[in-house]
Each structure stands twice: as structure tokens, then as C-alpha cells.
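Note sheet for the following structure.
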Amino acid sequence: MLLNNHYDLAVIGAGPAGMAAAIEASRNNMKVLVLDDQPAAGGQVYRQIDRNYHKNEELFFLGEDYWLGKKLVDDFKHSSAEFFPESRVWQITLDKHVFFSRKGRAYQVQANFILISTGATERPMPIPGWTLPGVMSVGGAQTLLKSNNSGADGAVFAGSGPLFYLTIWQYLNAGFKVGAVIDTAPGRLSWSHYLWALPALLQLNLLLKGLRWKSHIRKNTKYFSEVRSVSISGQSAAKSVSFIDKYGEKKKLNTSHVFLHQGVVPNVNLTMATGLKHYWCPRQLCWHPETNIYGESSLEGIFVAGDGSGIAGASAAILAGKTAAKQIVQYSRKPSIFITWLSKLKRYKHVAARPFLDNLFRPPKEWRVPLEDETIVCRCEALKKTDISSAISLGVTGPNQLKSFCRAGMGRCQGRMCGLTIQQMIADNNNLPEKDIGYFRLRPPIRPLTLGELASLADDNVLAK
Amino acid sequence: MTMSSQSNKVVVIGGGIQGCATAFFLAKRGQNVTLIEKDRIGRHASGVNAGGVRRLGRDILEIPLSLAAMDIWQNLYQEIGEYAEDFHPCFYLKVAVDEAGRELGLMRAANLREAGFKHEVWVEDDVIQTRLPHLSTPTHGGLIVEGDGWATPWRIVQGFANAAKKNGAKIIEGCYVNSLTQSQGLWQIQTPKGLYEAETVVNCAGAWAADIARSADDYIFPLESFAPMLVVTDRRPKILPAVMGVLSHTLSLKQLETGQFVIGGGVRAKANHSINQSDVNLPKLSSSIRLAAKLFPEIANAHVIRCWSGIEGYMPDELPIIGRGRQNGLFHGFGFSAHGFQLGPGVGEALADLVMGQQPRISLEAFRPDRFVN
């Protein structure tokens, strides 16, 4: 198989935004390349939809929103875009070269435009015992459900957020027994919650769906709300979960599987490593790449669409991908103010409920920074909260400086698991807002890359089978 | 701090290894010295380099300085205390992988012998194979220096900074020099943190040093900024007890105590020192890595964990600038062109000698600041 050296558009990530952009751009006769880590198109939300479709009777439990993705994936497959799954993009240079590995070899292509649609990633929930075997993220549990129809009976779910409820609902529908649901969302709503609820009514369907999931979960599981101080214990693997319920009572549940979740944040590793400007979003408590309504970033010709530019969900991502591609197709023409406002208006229908949801599920600090000194924060370097706070107290002003004091964030994950926690810890210690603390300076490779792959980087671009 | 001026005997500009070592030796000899650093100690090339502590492969003009520096490295504990534990002496080996490399190496060995240097010698393949049992290919011989090694660079720089402080030096970080001018025989150093006055200024500002010199109306230095790159891998079984290079190729390779490989060797990416920006361009390293994987095939399985670079100042002849400037009371120590880390302690000592009007124990003739003046 031969890979071309040059494309009009290279799309990184074949989720809803990436697929929609590829369909739109190839409809307009652009030569499009799409690269994705996974073995099939769909992203996290429509994972393995193509393979699962023929057994949709058996997998009905994934819900109607999941099956909606089938048409998008079909359109994508029938488009003229070239798609290379199992391709890990590890560097984009400013001259728009894209470097990636596939099956043990590295390749490079150049493109006139690049669309980064690498989606979201789960916010880690560093509580005591979160690194024990048997503990994983709710997103991970959902992945197993979608890709293998596998799950664990008796698992305890702890956390909150839309994906939290959706996954438990799917778990129940799939026939797995849920051990308990420990809901960490704070119970009391403030006036701002109610204020944001008004525009959210524009997405009433979404809200009703959420309420349906939640009431189904309350009816069919052992459900604890407004929970505090969750910890997992066990010697070599998870054995039990302890917490304090809303009446202040200590509870302990035996389980060997715990699934944690505190919402999702944009996966900014590629956009940051490529050098795009980012800003701190206080409402979503994470970094967003700076883009205009068309998704164009601070670097000319590089676009970002979908949850990777701010959490907004699949339908907003599809629209964003399409909007970005339209703008790329007629790049030399500046859109009129009217078109810009129209685009904003169109998008609003898909994001009206977002501020409400963000406020409702905004994780309190307890779930972002561990309360206990002994809890691991940086998993790669096995650094506890106390190791990091004592390094910070030596006068550290930012995450990059912290690296040379205690190696936090210097392991394999490049700070994916500890970055936001460390940023918050430094902000607290120095009494400054998070946005002033900054983030780890991310550098390529942003995906796993072996030296053998790097050494194989050649210019013949013949793809290995 | 208020905007009132501060009087100092000596101000050192730049908190890299050169500046920190200079401030340390001055303070140790009782001088009133203040070091000002625009970012933080060891933030740029000094803190993020490969940490090679080598006499091997030095330009013959640089060897006396390198040997003088090594004397200090070998007794580092006396100077900077526990930080010295981050220096790991072993041996440094530069192998020939082809006939061209062998010829080059043999010629160098002969030149060194003739000049009377005994630290760096030629060894044949049988010796190399015994010293590096995991090497997968025969070599065409190589050059070796016993006792060279590597250090954790930011720890060493921090060590000199702390030792300087202990001896009474003041260190001010986050302090950018806006201008350096002379008035009534005193240097006026304008910074956002106020005005500093000094009888003597030592310019160890690395990639930023030519800007400092320009502000002081000193020589115009043809200094260029680049970002030499490095990669570090995940932890692997220990197979490499030395720091390694390859003759006539750009490769430097070592394995840390953790088992992680660090690969570099002077492959440069772009840097823009005026906005503190350095690029990394991993693909540029691919030929160095191909070579490393030929020597040790296991390396191909290692995962790259990080690639990084630091901003470094390069001179056209790749030799540093060390010595008295055109202006009275201004000294320079910069332009190390990505091989200044090992020299640092020697440079600090020599600059301290110069500032105090003493004769350094080695000649600095080759590093004269005026050598680019037509």
C-alpha cells in the first residue's frame, strides 16, 4: 500500500468531528488523509460501531445515541478520504508535516491543512487506592463493554458526570449486576445552577434523557448520593470501598472492581505539543486550545474540532467538524460577519445545556487533589501528594520547574494523569489562580514511540501490511 | 525590592553552570558577588543538556581547560557538597564504525600523543568488546578516556548556586537585564527588579550573551542560537556501563542508573532566544538512533518518553569566548557551542582569577573575546 506524501487535509482522529470533516472535505474534492489510533473509525463514542452493528439486537443496551453513529461511519467509509487506523500520530511540525507510527514503522506526510480532532480524555480521580489493580476509569469500563461486550458483576461506580450515568445505565441494560453507585456530585444547587438551567431548556431532550438514566439507576442499584471521602483499600488488589454518605455515616462495601469518573477534559497533548495557544477554562477546569468558531487555531492552517477544543458532546463535534471543513475548502475567502453569526447560532443549539451541565458536575477540589498525604498523584514516578507538596514548598512556581525537583510528570504518561492535579496544588500553595500556573511543556512524541520506529522513519512511505 | 540602586563589587549575569561556578569561586574567595538570572537557575542549556562530563574528543585548544575543570570535578564534593553525588564517573568511549572513523581516530590519537596529552588513548576492538560485552557489532577500534562520565546537569548547576549562596553570594532569579551601561566607572544594570551597580560585570548569559555585550557597547559577537536535542527512553535492562559516541557521526549515548537511555549528540533544532523558544524535531534524530540501534539492537525496543532541547549559544569556530571585554570591568564567559557543561567549573575558576587580577592557571588565549574583530 502506498501512502501519498502530500494531502490537502490531514485529519487526526476519526471520531465524530474528524469523520464529519473528512466527509465534507472529500465531497469538495479535497485529498484527505485520516489517521486514528484505534483499529476502526468511530472515536470513543461510536467505538466499534461497524463491527457491532450486525449484532445490534444483542447489544441494544448501548442505546439509541450510539446507533446514530452508524450513518456517519458509513458515509465516512464511502467517502474518498484515505483512512489509516492503528496509526499513532506523535508529532506535527509547524510546516505541517505529520509523523506517525503504524505497526512498528514510522511515516511522514505533509498537508496543506491539519484538523486535530483527538477528542476528550477522562479527568483522573486521585483518591486513596486509585492505583490498585481492579480500579479503572468508567470510560475504560465502557470501552470494554463496547469492544468486547465484557464487564464485571458487582462493580462499584464512584464519581459523577453524564458519562458516569450513561455507562451505569448501559451496564444495567447489558445485564451486569452493579454493586453500588457512589455519587460524588454535591447535592445543593446554587442560584447559578438555576440560571444556567434556562438556556439548557433548549436541549430539553438531553436533560430528560439524563434524568431517565438517573432514575433508572436509583431504582436498580444501591445508590448513595452526596458522598464524601471515598477510598479504596486492598493489599495487592482492590477489596473494598469506604466512604462517608450524606448523613455523615461511614460505609464500607466489599468489591474487587471500582470504576471512577470525574468528567472528561479535552485531550490537549497533541495541540499543546504542536505549539497551539491554549487558555484556561474555569468552568470546565481544564485547558482549551484557542480557536475561532470555525475551529482555526492560533497557527495558520491548523484547525481543532470536537471535544478536543472544549467539551461539548458528539452532536456539537459533528457540526464542528463539518464547519471546519467548509472553512478549509474555501479558505482564501473570509467569511462574512453574517456567516460567522449564523455558525455561532447553529452551534448554540448543540451546546446550550453545556454551562448547566458543567456547573452541575464541576468536580469539587476533593476529587481533583487528594486530601490524604499518602495518596499517589504521579503514577509513573510513584510520587505521593506529600512528595509533591514538599517539593512545591521549596519555591516552585510552575509544573515544569517541579520536574527538576521531584520528576513529577516525567514518566511515560507525560503528565496525563497528574498534570491538572499538580497545577491545582501549585496554585493553592502559591495562592494564585490556576491559569497563572500554566501546564507541563508537552513535547513530542505525544504517543508511544519506540526508538526502532523512529529509526525506521524513511521517505519511501510504503505502508507495511 | 524598591527601585533604589544596589551597589556590588561584582555582578554575574546568567545562572547557568558558567555563571554559577564563577559566582561560587568569587564568593569562596571573599568577593562581594551578586548573580542575576532572567529565568531561574539552570533553566536553559546548562540544566537540560546531556550531562556529559568528558575530556574526550575536545578541540586540542580546549584540552588544558577541560583538564583543569576535571580536577575540580574529581573533588567536587569539597566544593558543592552532596550535589556532587550526581556526578557519575565511568569511562567515555568513541568508537569507529567504519574505516573513515578509524583513520580519524588514529590521527587524533597521534596528535594528542605528540601534544603530550595522555588522558585520551586509542584502543582496538578486543578491548572495546571486553569493556562493552553487550555491543552487537565489531568496531574498528576507538578512543577512550577513563574517569569521564555524566552528571545530572540541573543538580550540578543547583549545587554551584547553593554553594555560592553559602559563601555569601546573592542570587536573584526572574531578573531580566534591560540594559548594561557604564557611568562614572560603575556598571549600571537596569532590571525590572531595580538598578544594580557594580565595579565588575561577568557576562555568562549563554545564548543571550551577545545581546548583553551589545548593550554594553562591547564587541559584536557572531553568536547564534540553536536547540540541541535529546531523547530519553523508558527503563531497560542495564547493558551500557559507559558514555558512548561514534567517530565522525553525531551520536552520544548513555544509560542512566534507572536503566533509561539518553540519546543526543548535537543534532540541533531551531531556537529563538529572544522569546525563550526552542523546538524539538524528533525526526532529525532518526539517523543517530539508527546508529545506536545498530550498536545495541535492544535499544530499538525502548520507548521514547520525552524529547527535549535547550537554548544554547554557538560561535562560528565552536570555541567559547572567555576573557576580558573591550570595556573596562567587563568579562565574558559564553558561546560554549553545546560542549560547555564539563568546562563550567574550570571556567568559573578562571573567570574568578581574571576578575581578581590574577593569572589563571591555564592559558585562555584560544578563547579571546576579540578574535572575531577584523
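Every number in this text was worked out from the coordinates using simple rules, so none of it is lab data. Here the structure is a predicted model, which is why all the values come from computation and not from measurement. All Cβ positions, even for glycine, are placed from backbone atoms using ideal geometry, and neighbour counts span all protein chains on display.
Charging the Cβ of each Asp and Glu at -1 and of each Lys and Arg at +1, and nothing else, the dipole of chain B about its Cα centre rounds to 580 debye. What is the distance in Å between the Cα centres of the stretch A:272-340 and the stretch A:59-85? Between the Cα centre of the stretch A:272-340 and that of the stretch A:59-85, the gap is 22 Å. If only the Cβ of Lys and Arg carry +1 and only the Cβ of Asp and Glu carry -1, the dipole of the stretch B:73-203 around its Cα centre is close to 500 debye. An ellipsoid equivalent to the stretch A:287-342, defined through the eigenvalues of its Cα gyration tensor, has semi-axes of 18, 13, 10 Å when rounded to whole angstrom and sorted largest first.
Cα gyration tensor of the stretch B:324-365, axes a ≥ b ≥ c as square roots of the eigenvalues: rounded (a/c below 1.5), prolate (a/b > b/c) or oblate? Because a/c hits 1.5 or more and a/b fails to exceed b/c, the stretch B:324-365 counts as oblate.
Modelled this way, with points 7 Å down the Cα-to-C-beta line, the labels at residue A:394 and residue B:106 are 5.0 nm from one another.
Expressed per residue, the C-alpha convex hull volume of the stretch B:240-374 stands at 167 Å³. Rounded to the nearest 20, the Cβ-based charge dipole of the stretch A:1-153 about its Cα centre (Lys and Arg +1, Asp and Glu -1) stands at 380 debye.
Label positions at residue A:193 and residue A:223, each projected 7 Å from the Cα along the C-beta direction, are separated by 1.5 nm. Equivalent-ellipsoid semi-axes for chain A (Cα gyration tensor, √(5λ), whole Å, largest first): 35, 27, 23. In terms of its C-alpha gyration tensor, the stretch B:141-292 has a prolate overall shape, because the principal axis ratio a/c (a ≥ b ≥ c, square roots of the eigenvalues) is not below 1.5 and a/b outweighs b/c. Over chain B, the alpha carbon radius of gyration divided by the compact-protein estimate 2.2 N^0.38 Å works out to 0.99. Largest first, the extents of the alpha carbon coordinates of the stretch B:1-147 on the three principal axes equal 66, 33, 28 Å. Positive-end ranking of B:16, B:52, B:33 along the dipole of the stretch B:1-133, with charges on Cβ about the Cα centre, is headed by B:33. Ranking B:87, A:59, A:32 by Cα position along the charge dipole of the protein assembly as shown, where only Lys, Arg, Asp and Glu carry charges on their C-beta atoms, puts A:59 farthest toward the positive end.
For the stretch B:287-346, the list of trypsin sites (Lys or Arg not before Pro) that fall in a loop by DSSP and count at most 16 other C-beta atoms within 10 angstrom reads B:326. Neighbour counts of C-beta atoms inside 10 Å place A:125, B:356, A:410 in the sequence B:356, A:410, A:125, starting with the fewest. The chymotrypsin sites (Phe, Trp or Tyr not before Pro) of the stretch B:322-369 include none that DSSP puts in a loop with a beta carbon having at most 13 other beta carbons within 10 Å.
Computed over all pairs of different Cα atoms, the Kirkwood value for the hydrodynamic radius of the protein assembly as shown is 29.5 Å. A simple count of charges around residue B:136, restricted to other residues whose Cβ falls under 10 Å of its Cβ and scoring Lys, Arg +1 and Asp, Glu -1, yields 0. For the options B:349, B:224, B:257, a Gaussian network treatment of chain B with springs between C-alpha atoms closer than 10 Å singles out B:257 as fluctuating the most.
Here, P(r) means the percent of Cα pairs in each 10 Å bin from 0 to the largest distance; for the stretch B:205-267 it is 19, 31, 21, 19, 9, 1. Answer with one residue from A:258, A:310, B:78: the one whose Cα lies farthest towards the positive end of the charge dipole of the protein assembly as shown, charges on Cβ with Lys, Arg +1 and Asp, Glu -1. After comparing all options, I get A:258. Between the Cα long axis of helix B:17-28 and the first principal axis of chain B there is an angle of about 60°, rounded to the nearest 10.
Taking label positions 7 Å along the Cα-Cβ direction at both residue A:78 and residue B:118, the computed distance is 8.4 nm, reported to one decimal.
Normalised radius of gyration for the stretch A:195-292, please: alpha carbon Rg relative to 2.2 N^0.38 Å, two decimal places. Ratio of Rg to 2.2 N^0.38 Å for the stretch A:195-292: 1.52. Given R0 = 30 Å, the distance between the Cβ atoms of residue B:274 and residue A:441 translates into a calculated FRET efficiency of 0.95. In terms of its C-alpha gyration tensor, the stretch A:103-261 has an oblate overall shape, because the principal axis ratio a/c (a ≥ b ≥ c, square roots of the eigenvalues) is not below 1.5 and a/b does not outweigh b/c.
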